[in-house]
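Below you'll find the structure, written out as structure tokens, and then a few comments.
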Amino acid sequence: MNFGSLSAKKIRQILVGGDNSPSEIISGILTKADVANERLNCFITICQKFALDSAARLKKKLQIKQAPGRLADYYEQVATESQNPHRASGWILTEVLKALKDNKIEADQLKIGAKQLGQLIKKIDDGTISGKIAKDIFAEMIVSGREVGEIIAGKGLVQISDEDAIGRIIREVINENEDNVRLYQMGKTQLLTFFVGQVMAKTGGRANPQSVNRLLKEMLDGEKT
């Protein structure tokens, strides 16, 4: 048995206890799991399913002293630093695992420490940068080990959230694409993604995507009247 095969019901049984203590059940699974990624995946899944705000609370609930594996330890530190365990898990299971695989290294050999990744996630959460820009920054941090703030400042990557500024860029895009505006007005609303792409291209990917989508729709729909 491994973590990846556990159902939600079984996870809940582990959390609330049964004939065996949670620590005994968990220990049995951990020793039989062959793939570190599967162990980590389920560890994170448990956190998410039961809305636990930190891995530390999970360990306390399960009465275990350590999370499974170095990567899980890395996750715990990222979750604590970022104060966003859900987003931390997404980054671990995508960008971090890819970096580990591509570079054939362990979590403790990454040039980007858990604290740095946690700070990067904070910059997404506070609106300083977009998720797309964050991935570009992460890619550079993996190579250089530079700090998040240093990269953002050095490359002028702060997200554009000023809706007046975004609106002016949207107006430029609309004026430059009158044919597509007419097609949109005729019902080809899928062209919204085209307009979003044009705005993001003009801003180097720095415009707040939520604002871009909302303002574009408002302005394009306004063109119909």
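Can you confirm whether the range 168-188 contains a residue that is closer than 11 Å to Val212 by Cα, in contact (Cβ under 8 Å) with a residue 12 or more places away in the chain and either in a loop (DSSP other than H, G, I, E, B) or in contact with a helix residue (DSSP H, G or I) (Cβ under 8 Å, 6 or more places away or on another chain) (or both)?
The answer is yes, given that some residue of the range 168-188 is closer than 11 Å to Val212 by Cα, in contact (Cβ under 8 Å) with a residue 12 or more places away in the chain and either in a loop (DSSP other than H, G, I, E, B) or in contact with a helix residue (DSSP H, G or I) (Cβ under 8 Å, 6 or more places away or on another chain) (or both).
Restricting attention to the range 81-109, and to residues there that are over 18 Å from Ile142 (Cβ atoms) and surrounded by fewer than 17 Cβ atoms within 10 Å (Cβ to Cβ), which single residue is farthest from the chain's Cα centre (by Cα)?
Here the residue is Gln83.
Quick note: the coordinates plus some simple rules give every number you see, no bench work behind them. This is a predicted model, so every value here is computed, not measured. We place every Cβ from the backbone using ideal geometry, glycine too, and count neighbours over all the protein chains shown.
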